[in-house]
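Read through the structure below, which is laid out as C-alpha cells, and then see the notes.
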Amino acid sequence: MNISIPLIVIIPLIAALFLNLFAGKNKIIKVLAFIVGLGLPILTLTTSYGLHYFGGHQPLALSNIANLSTYITNSSLYNLHPAITYAYTPIAKVFIFALGIVVFLSIFSYLNSENKASGPFLFMVFMATASVSALLLSDDLFNMYVFFEIAALIQTGIIIASSAKDNYETALKYMILSSIGGPILLLGITILLAICGSVNITDISLAISNLVHTPEASGVVLFAFSLIFFGWLYASGLPPFNVIKSLVYSKAEPYGSSVLQAMSLISLIAFIIAMFRIFGTLDIFKGVMIFISIASMILGVSMAAMQTDFRRMIAYLSVGELGFVGLGFGIGGNFAITAGLFQGLNEMIVTTLLFIGLGTVVYLTNTSDTRKLGGLIGKNTFMAIMILLGGLAMAGVPPFNGFRSKLMIVEAALNTGFPEIAVIIILISIATFFVFVKAFHSIFLKPQPRDLTFIRDSIPKSILFTVLVLLIICLILGLYPELVTNPISQSIGGLL
Amino acid sequence: MILLDTQLLTLFTAGALIVIGIFAAIYIDNIIKKIVGLSFIEEGVNLFIISLGYKSGGVIPILLPGMNIKWFANNSAYPLPQALVLTSIVIGASTLAVMLALSMVLYKKHGSLSASKILNHESDMGDEL
C-alpha cells in the first residue's frame, strides 16, 4: 500500500479548508496558496506508482490469509475489492502533474495581478484540484460520482465568483443540467451495481466481460452504458453540452477558465478510461466514440468561427478539441489511445496559455468583443507573439506539441483503415488555424478603433512569465513527446 | 410474493419519480417548480438504489452476537446500496441548496421566477465584463 497516494487528494482538500478559514487575511492566504500550489506537482512527481486501499481493506486474494475455505476461494468474493481503491498509474501521474502545473501557474498569475486575494476563490481552485485528482485516481465508480458532483458544485462556484455579466444565470443553468446529468450517471452506476454487486471498476469489468455477449444481460449492460455515457458527455462538455460548457468557460475570470477547462478535460479522461475498461468490448463502443468525437470537433470549430467574443471562441475551440481524445479511444489500439490522451494533455496546456494570455486583453481594455478591439500588438508585442504561437500550437502547427499529437492521431487513423477520419482531422486543424488567425488579426493587427479605451497601461510581469512557461512546455512536448507518450502508452498497454 | 411485489412497486415508483422529474425540469417554467422536479429525479434514483438492496424476508445487515454466520450471509440485506444512498442524499441536499440560493439571487435581480425570462434573456456578452 502506498500512503502518499491519498495525500494527492487530501492535501488540496485541507488547503482549501484553511484558505476559506483565513479568508480576509490577505498575506496568509497568498503564502499558503503559493506553497501548496507549488508543492502539489512536486508531490505528484515524488509519489511512486501503486495502489491504496482505504482502511487497509484489500481483496482477500491479496491478504495471504491461511486456511480459507474453498467455499470462499472459489467464489467471486475472493477477488472482490471491499473498499475504495486508488490506483496511481503513469496516466494518473502525467495528468495530475500537468493539472498541478496549470493550477500553480493560474494561482501564481492570480496572486500577482490582484492586490487582495479571494479566499473563497482559492478554496474552489484547490477543491477543484482535489476532486479531479480523485476522479483520475479512483478505481471506484461511486467515488467517481461523488467527486463528479463536487466538481460540478465547484465549477458553479467559480462562475459565481467571477465579475462577468449574467454569471448567476449561467451558474443556475449549469446547476440545472448538473442535476439531470448527475442522477443519470448515478442510475447507470446503480445498474452496474445491480448486475455485478460491486462499484469497483476492476470487479465490474471482470464481471461484465462475461456478460456482454449473453442475450439476457447485453441489453441491460447497453442501457447502463448509455446512462454513464450521458453523464460523461455532461462532465466533459461534449455535444449537446458543448454550448453550456463554453458559456461557463467564458463567464469565469481567465485564471478560473483555465482551471475549469482542466477540470473538464480530466473528468473526460477519467470517465472515458473507466468506460473503456468496463464497456470496451461492446460492439457499439468504438462507433459511438468516433461519432460523438467528430460531432464535437465540427461543432466546436464551426461555433468558434461565429463568435465575436474571443473568450467564447477559445471556449468553443477548447471544447471541440476534446473530441480528439474520444477519437483516440474510438479508433482503438495502444498507439491511437496514447495519441488521443497526448492531445488531451496538450490541449490542457495550450488552452490555459490562451485563456491567461488573452485574459490580458480584458485586463487592459475591459472588453472581449473583437469588434471593439484592434491594434493591441503595439501595447505588448512579446505577449501578442506568445499568444499567436499558442494559437498555432492549438491548430497543430510544427514544432509545437499540438502538431505531434494530431500527427499521431492521423497516423493511427490511417494505420487502422480510417482515411476519412484522417482527412476530417486535417480539415478541422486547418479550420482551427483560420479561426484563430482571424481573431488574432481582429485583436492585435487591425487598426485600433478610436473609441477603444484602456483601463490599465501594462500587463503584470507574472502573467508574461506564466504564458512564457506554458509556451516553453508546448515546445518541449513538441520536441520530446516521448516524455509523456511513453508513460501513457505503458498504462494503456496494461488496460488492453 | 407480496414482498416481491413491494420491491416491484418501489421500482415503478422510482421510475415514475424520474419521469415526472424530467418532465418538470423540461416543461415547467417556474424555477422553483423546476428545482422540485430535479429533486424528484434525484430521489427517484435514490429509491431505485434502496430497492436494489432489498431482500425479501431479509434482516438488517448487522451481525449481532450469537447469529449463525452462514444464516446471516444468506438472509441479510445487501448493505452497500444503503451506504451509497446516504452519500447521494447529502450530495442532493447540497445541490438543492445551491440552486435555491441562486434562485433567490435571480429573483431579486429580475423580480420573477420565470425560467424563460431569467435564463433566456442573456445579452450578446463580450462587453460590460
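The values are calculated or read from the model by the stated rules, or taken from the named source; none is laboratory data. Quick caveat: nothing in here was measured; it's all calculated off a predicted structure. Neighbour counts are summed over all protein chains in view; Cβ atoms, including those assigned to glycine, are modelled from backbone coordinates with ideal geometry. Each accessible area value is taken on the protein alone, full model and side chains, heavy atoms only, with ligands, DNA and RNA left out. Shrake-Rupley method; radii C 1.70, N 1.55, O 1.52, S 1.80 Å.
Any residue at all in region A:23-41 that's outside any helix (DSSP H, G or I) and buried (at least 16 other Cβ atoms within 10 Å of the Cβ)?
Taking region A:23-41 and keeping what is outside any helix (DSSP H, G or I), we get A:23-25.
From the residues that got through so far, the ones that are buried (at least 16 other Cβ atoms within 10 Å of the Cβ) too are A:23.
Within region A:23-41 (the criterion being outside any helix (DSSP H, G or I) and buried (at least 16 other Cβ atoms within 10 Å of the Cβ)), the answer is yes, since at least one residue qualifies.
Residues of region B:36-76 being within 30 Å of B:Ala97 (Cβ to Cβ) and open to solvent by 60 Å² or more (accessible area, probe 1.4 Å), which ones? Don't jump to the end; show me each part of the working.
First pass over region B:36-76, keeping only residues within 30 Å of B:Ala97 (Cβ to Cβ): B:36-54.
Matches in region B:36-76: B:Val36, B:Phe40, B:Glu43, B:Ile50, B:Tyr54.
Return a yes/no flag: does region A:50-57 have any residue that is more than 27 Å from A:Val469 (Cβ to Cβ), under 23 Å from the mean Cα position of the chain (by Cα) and open to solvent by 70 Å² or more (accessible area, probe 1.4 Å).
Looking through region A:50-57, at least one residue is more than 27 Å from A:Val469 (Cβ to Cβ), under 23 Å from the mean Cα position of the chain (by Cα) and open to solvent by 70 Å² or more (accessible area, probe 1.4 Å).
Inside region A:459-474, can you point out the residues that are over 15 Å from A:Ala98 (Cα atoms) and either open to solvent by 30 Å² or more (accessible area, probe 1.4 Å) or among the aromatic types (Phe, Trp, Tyr) (or both)?
Passing the criteria: A:Lys461, A:Leu464, A:Phe465, A:Leu468.
Would you pick out the residues in region A:264-300 that are open to solvent by less than 30 Å² (accessible area, probe 1.4 Å) and basic (Lys, Arg)?
Hits for region A:264-300: nothing passes.
For every residue, the table says whether it meets (1) within 8 Å of chain A (Cβ to nearest Cβ); (2) touching a residue at least 12 places away in the same chain (Cβ under 8 Å).
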site	(1), (2)
B:Leu38	yes, yes
B:Pro61	no, yes
B:Asn68	no, no
B:Tyr78	yes, yes
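Residue-by-condition table, conditions (1) away from chain B (no Cβ under 14 Å); (2) at pLDDT 95 or above; (3) assigned to a helix (DSSP H, G or I); (4) within 18 Å of the chain's Cα centre (by Cα):
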{"residue": "A:Phe95", "(1), (2), (3), (4)": "yes, yes, yes, yes"}
{"residue": "A:Ser106", "(1), (2), (3), (4)": "yes, no, yes, yes"}
{"residue": "A:Leu122", "(1), (2), (3), (4)": "yes, no, yes, no"}
{"residue": "A:Tyr174", "(1), (2), (3), (4)": "no, no, yes, yes"}
{"residue": "A:Leu177", "(1), (2), (3), (4)": "no, no, yes, no"}
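Determine whether region A:183-203 contains at least one residue that is of a type in the set (A, V, I, L, M), touching a Phe, Trp or Tyr at 6+ places or on another chain (Cβ under 9 Å) and away from chain B (no Cβ under 12 Å).
no
Condition check: polar (S, T, N, Q), open to solvent by 10 Å² or more (accessible area, probe 1.4 Å) and in contact with a helix residue (DSSP H, G or I) (Cβ under 6 Å, 6 or more places away or on another chain). Does A:Ser205 satisfy that? Can you show your working first?
Working: polar (S, T, N, Q): yes; open to solvent by 10 Å² or more (accessible area, probe 1.4 Å): yes; in contact with a helix residue (DSSP H, G or I) (Cβ under 6 Å, 6 or more places away or on another chain): yes.
Spelling it out, A:Ser205 is indeed polar (S, T, N, Q), open to solvent by 10 Å² or more (accessible area, probe 1.4 Å) and in contact with a helix residue (DSSP H, G or I) (Cβ under 6 Å, 6 or more places away or on another chain).
For region A:71-88, does any single residue satisfy the condition of being over 22 Å from B:Leu80 (Cβ atoms) and either open to solvent by less than 20 Å² (accessible area, probe 1.4 Å) or touching a residue at least 60 places away in the same chain (Cβ under 8 Å) (or both)?
Within region A:71-88 (the criterion being over 22 Å from B:Leu80 (Cβ atoms) and either open to solvent by less than 20 Å² (accessible area, probe 1.4 Å) or touching a residue at least 60 places away in the same chain (Cβ under 8 Å) (or both)), the answer is yes, since at least one residue qualifies.
Here's the yes/no breakdown for (1) touching a Phe, Trp or Tyr at 6+ places or on another chain (Cβ under 7 Å); (2) farther than 30 Å from A:Gly357 by Cα:
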| residue | (1), (2) |
| --- | --- |
| A:Gly37 | yes, no |
| A:Ile42 | no, no |
| A:Asn64 | no, yes |
| A:Val94 | no, no |
| A:Ser109 | yes, no |
| A:Ala130 | no, no |
| A:Ala134 | yes, no |
| A:Val146 | no, yes |
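Just checking, which of A:Ala164, A:Ala152 is open to solvent by less than 10 Å² (accessible area, probe 1.4 Å) and either of a type in the set (Gly, Ala, Ser) or outside any helix (DSSP H, G or I) (or both)? First the steps, then the outcome.
Numbers: A:Ala164 fails: open to solvent by less than 10 Å² (accessible area, probe 1.4 Å).
From the options A:Ala164, A:Ala152, the qualifying one is A:Ala152.
Just give me the residues in region B:20-56 being aromatic (Phe, Trp, Tyr) and within 16 Å of A:Lys173 (Cα to Cα), in sequence order. Steps first, please.
Keep residues of region B:20-56 that are aromatic (Phe, Trp, Tyr), which gives B:23, B:27, B:40, B:48, B:54.
Matches in region B:20-56: B:Tyr27 only.
Report, ordered by the first and then the second residue, all pairs with beta carbons closer than 9 Å, sequence separation of six or more or different chains, a first member in region B:103-121 that is more than 10 Å from chain A (Cβ to nearest Cβ), and a second member that is among the charged types (D, E, K, R) and open to solvent by 100 Å² or more (accessible area, probe 1.4 Å).
Qualifying pairs under 9 Å: B:Leu113/B:Lys33.
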